[in-house]
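Quick notes on the structure that follows.
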Amino acid sequence: MLRLYYLCILLATVVLSVDLISCSKKIQNLPVEKAILTGAPFVPPLIERKSPAKVVVELEVREVVKRLADGVDYTFWTFGGNVPGKFIRVREGDFVEFHLANHSSSKLPHNIDLHAVTGPGGGATSSFTAPGHKSQFSFLAMNPGLYVYHCATAPVGMHVANGMYGLILVQPKEGFEKVDREYYVMQSDFYTEGAYGEKGLQPFSMNKAIAEDATYVVFNGAVGALTGENALPAKVGEKIRLFVGNGGPNLISSFHVIGEIFDAVYTEGGMGKNQHNVQTTLIPAGGSSIVEFKLDVPGTFIIVDHSIFRAFSKGALGMLKVEGPENKLIYSGKEVDEIYIESAASSAGTKTSQIITTKTYENKGEQLFSQNCAMCHQDKGQGVAGVFPPLAGSDYLRKITASNDRSQLLKIVLKGLSGKIIVNGKEYNNVMTPVAGLTDEDLVELLNYVTNSWGNRASKFTADEIKKAKARL
Ligand SMILES: [Cu+2]
């Protein structure tokens, strides 16, 4: 059987070769280069070539066990060893010779469907590759754009759900503007038997995948792949270009960067800046978008899927960390915080049915807490199970206030906190973003309120202590 199969392939190849002779003349004259492939968040360098080339792409499929979240492992099926797959960059008019290898340790055959290919299955039918084998096919990169590629071996949904997708950019032949930094960000959803955060090697849940009930929604293959130390670095004054893909398998992304406006968007990864001043761009499953923006002010800009529970409860949260001088003209930081007394005129027009009860605060500390912390830690500091740890009766907080380095608390507020922590015996593994705009006096009031409310007790912070601690951060 197998022999016959190979004979058929051989025959097909011979027939094809005759056809290829005329076309191969043209290709023979092209310069040959090996494609530079990069792992996310990195992007291969801009192609500055002015004419087509024959570009050889070598991609290896591997089935690997890796971290999906802290304490949570998953058997990912990958293009190149990581999720998302390696970024491929070619130029419009290039002749791409594609080599797909399937590592001998793989348990399954795989193939590749590149949305940049014009041809049946986008290459899938020609690239079906058993473990320990490699396939080759070629295509002409005719249409410039940012394209998703993915495995299309049955059951397709499962191969995609396990991480088999990546991006290929076909640069337009007219050239592509150089920017200061380019990054590769790809969103996708994962379906595990265990709930979000449940420890151990988690099997794929077909039922959840069919119900489109994602357990994880992440950027670049894992919770925290773009936060904390993995945040994307950049500098004030730079122009940034993000190549954003969505591997799905199910969800559509409402891609948003908090505190930025996309100066230009290449909607759905088509080649043309067709949109300007966009807040949130929609990225279909199996689709992409290119966004560009200039960085005017420093700070940590949070990258989210604005279907916001995915960001704060399922992992779809990343960070762009921008360093450089402030520009108070563009963003002032908090300028005024004072008691608001309604004028008689504005109250006069208020119908009784519209009267809103205004909360009165015991003191400044409570007000600051309510404005800066309560949305996550809740108004009595009780937290939200599994997501936001409690501050009321928190042993984690008590350990800090009882230690001789209380500056750790200030650090949490001003620098944020992420990664695994245990509070009152329960594990949290989430991201607290830094709280900005508080003066030293505010910090004294706020920290004294937090450390002396809801049963918490600690000696008072002084302005002097805060000042010294701040200087050491
Ligand atoms: Cu596959």
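Packing, as the average of other Cβ atoms within 10 Å across residues, places the peptides 86-94, 250-258 in the order 86-94, 250-258, highest first.
Phi-derived couplings, Karplus 6.51 cos²θ - 1.76 cosθ + 1.60 at θ = phi - 60°, listed residue by residue for the range 79-84: 9, x, x, 9, 10, x Hz, with x used for Gly and Pro. Our summary of shape: the Cα atoms of the range 39-85 have principal axis extents of 48, 19, 7 Å, ordered from largest down, in whole angstrom.
Element breakdown for the chain at a 1.4 angstrom probe: carbon and sulfur atoms account for 57% of the accessible area. Beyond 30 Å in Cα-Cα separation lie the following of the pairs K178/K420; K173/K328; K380/K460: K178/K420; K173/K328. Cross-link reach is defined here as a Cα-Cα straight distance under 22 Å, omitting same-chain residues fewer than 8 places apart; for K107 the lysines meeting it are K66, K86, K134. Coupling constants for the range 416-426 follow from the phi torsions by the Karplus curve (6.51 cos²θ - 1.76 cosθ + 1.60, θ = phi - 60°), and in residue order they are x, 8, 8, x, 6, 9, 10, 10, 6, x, 10 Hz; glycine and proline get x.
Straight-line reach from K26: taking Cα to Cα under 15 Å and skipping same-chain neighbours fewer than 8 places apart, the aspartates and glutamates in range are D94, E97. Once backbone amide H atoms are built at 1.01 Å from N, S138 has F98 as its partners under 5 Å, excluding neighbours fewer than 5 places away on the same chain. Amide H contacts of S253: I283, A285, each under 5 Å away and 5 or more positions distant or on a separate chain (H built 1.01 Å from N in the peptide plane; Pro and chain starts excluded). An ellipsoid equivalent to the chain, defined through the eigenvalues of its Cα gyration tensor, has semi-axes of 50, 26, 19 Å when rounded to whole angstrom and sorted largest first.
Over all Cα atoms in the range 358-426, the spread is summed up by Rg and Dmax: 12.7, 39 Å. Rg ratio for the range 387-473: its Cα radius of gyration over 2.2 N^0.38 Å, N being its residue count, equals 1.05. Between N424 and D395, Y396, the built amide H atoms are under 5 Å apart, and every one of these is 5 or more places off in sequence or on another chain.
Think of it as helices only: each DSSP H run of n ≥ 4 in the chain is worth -39500 (n - 2.57), and spread over all residues that comes to -6000 deg cm²/dmol at 222 nm. The share of Cα pairs per 10 Å bin across the range 114-205, counted from zero up to the longest distance, runs 13, 34, 30, 18, 5, 0 percent.
Beta bridges per DSSP, both residues in the chain: antiparallel share near 70 percent. Pairs to check: K294/K314; K294/K321; K25/K54. Give those whose C-alpha atoms are more than 22 Å from each other in this structure. Going by Cα-Cα distance, K294/K314 fall outside the 22 Å limit. Principal axis extents of the Cα atoms in the range 67-159, from largest to smallest and rounded to whole angstrom, are 45, 27, 20.
Of all lysines in the structure, the ones whose alpha carbon falls short of 16 Å from that of K467, not counting any fewer than 8 places away in one chain, are K411, K415. Listed by number, the DSSP H helices of the chain that run 24 Å or longer by alpha-carbon position along their axis and have mean Kyte hydropathy of at least 0.5 are 2-28.
The values are calculated or read from the model by the stated rules, or taken from the named source; none is laboratory data. Values in this document were obtained by computation on a predicted structure and should not be read as measured data. Here Cβ is always computed from backbone atoms with ideal geometry, including for glycine, and neighbour counts include all displayed protein chains. Keep in mind that these areas ignore ligands, DNA and RNA; they rest on the heavy atoms of the full protein, side chains included. Shrake-Rupley method; radii C 1.70, N 1.55, O 1.52, S 1.80 Å.
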